Amino acid sequence: MIGRRRGRAEYLRRAEIEAGRPGVGGVLTDGDLGEPPDPVARYVRRSGAVGKPRVSNFHARLHGRIRSGADTAWMPFTGEQFNTYGAVPSRLFYIVARMKGLPIEVFHSFVGAEATMRGKALSIVTVVDQRGPELARSETVTILNDACVMAPGALVDPACSWEAIDDRTARVVYTRLDETVSATLHVDDDDQLIDFVSDDRRRDRTLQRWSTPLGRYRRFGDRWVMSSGEGRWHAPPPEGEFAYVEIELDEITYDVDATRFRR
């Protein structure tokens, strides 16, 4: 294999380290749901998180397609990610996309205060290399979104403060280390999250509204989790609002140990 998939090797190495860190511990009870507003509490219950151990981590496999702009070509991709919910939540996200038949590896890492995003064509030629405080802030929004979408029980946390808006909408303010971000959550009549909207992410160094409308839900083990969704940029004219990523969740497993990532 060209380049021996160096990005995946680094992803596995870091995931093994993060999986070995202490988890959250304890069981999430219905009595713990006093802080989130009612639509969020209903969503957490609907997800199946109540009465089960608090999520310490999750490992997901997914596929979909991605593009860089409203008028650029879609690229199919496969990927996986590993998130932890210990003292300082972390996120590792790895995909392989194909552009005109050529593989492009992209690896996001957000551990501690450092956020990086690296992309290589053929596992050799660097096509993206980002880091720094602006990326860390955007990745903080993404970590919050991951909890909302794939680990709803993790929203019951002192790092989240809440504002009720109406029976189907709530606002969350989330703090991780030195970064504080916010988002608005929209829940449907079936107590399922259908959208997440934040103004705290940057695209090309410019703040731009970001949303993740969700589609189908299905059962993964004993959890009820979304199985499809989008990432959307709400760009000013002439580009306008557009989907830049479409995701299908293939598998998600909670509270895995380090052996899962050993080669």
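The values are calculated or read from the model by the stated rules, or taken from the named source; none is laboratory data. A quick note: this is a predicted structure, and the numbers were derived from the prediction, not measured. Here the Cβ is made from the backbone with ideal geometry for all residues, glycine too, and neighbour counts use every protein chain on show. Note: accessible area is taken over every heavy atom of the protein model, side chains too, but ligands, DNA and RNA are not part of it. Shrake-Rupley method; radii C 1.70, N 1.55, O 1.52, S 1.80 Å.
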Original post:
What percent do you get for the relative contact order of segment 72-162 when only Cα pairs under 8 Å and 6+ apart count?
Top reply: 17 percent
**OP:** Which order do the peptides 101-110, 247-256, 126-135 take when ranked by the mean count of other beta-carbon atoms within 10 Å per residue, highest first?
**Re:** 101-110, 247-256, 126-135
Original post:
Which whole-number percent is the relative contact order of the chain (Cα, under 8 Å, 6+ apart)?
Top reply: 21 percent
**OP:** Take the chain, connect every pair of alpha-carbon atoms lying under 10 Å apart with a spring to form a Gaussian network, then pick out the residue of Val245, Val141, Val125 with the largest mean-square fluctuation.
**Re:** Val125
**OP:** Two decimals is fine: what's Rg over Rh for segment 62-112, C-alpha atoms, Kirkwood radius as Rh?
**Re:** 1.09
Original post:
If you project the alpha carbons of the chain onto their three principal axes, what span does each projection cover, largest first, in Å?
Top reply: 52, 48, 35
Original post:
Expressed as an acute angle from 0 to 90° and rounded to the nearest 10, what is the orientation of the C-alpha long axis of helix 133-150 relative to the principal long axis of the chain?
Top reply: 60 degrees
Original post:
Tell me, what is a quarter of the convex hull surface for the C-alpha atoms of segment 171-228, in nm² with one decimal?
Top reply: 5.5 nm²
**OP:** Return the distance in nm (one decimal) between the two label points of a simple spin-label model at Asp71 and Asp166, each offset 7 Å from Cα along Cα→Cβ.
**Re:** 3.7 nm
**OP:** Compute the distribution of all C-alpha to C-alpha distances in segment 84-227, in bins of 10 Å from 0, and list the percent of pairs in each, rounded to whole numbers.
**Re:** 10, 36, 35, 16, 3, 0
Subject >> Cα-based helix-to-principal-axis angle, 6-19 vs the chain, degrees rounded to 10 >> reply: 30 degrees
Original post:
Hey, in the GNM for the chain with a 10 angstrom Cα cutoff, which one of Gly215, Gly240, Gly48 fluctuates hardest?
Top reply: Gly240
**OP:** With all protein chains present, calculate the accessible area of Arg67 using a 1.4 Å probe and round the result to the nearest 10 Å².
**Re:** 40 Å²
Subject >> Inter-label distance, nm, simple model (7 Å from Cα along the C-beta direction), Asp189/Arg21 >> reply: 4.3 nm
Original post:
Excluding ligands, DNA and RNA, what is the solvent-accessible area per residue of the chain at a probe of 1.4 Å, expressed in Å²?
Top reply: 47 Å²
Original post:
Expressed in nm to one decimal, what extension gain is obtained for the pair Asp38 and Asp199 from 0.36 nm per residue of sequence separation less their Cα-Cα distance?
Top reply: 55.6 nm
Subject >> Contact order relative to length of segment 177-245, as percent, for alpha carbon pairs under 8 angstrom and 6 or more apart >> reply: 19 percent
Original post:
Under the classification rounded if a/c is under 1.5, otherwise prolate if a/b is larger than b/c and oblate if not, where does segment 8-83 fall, given a ≥ b ≥ c as square roots of the Cα gyration tensor eigenvalues?
Top reply: oblate
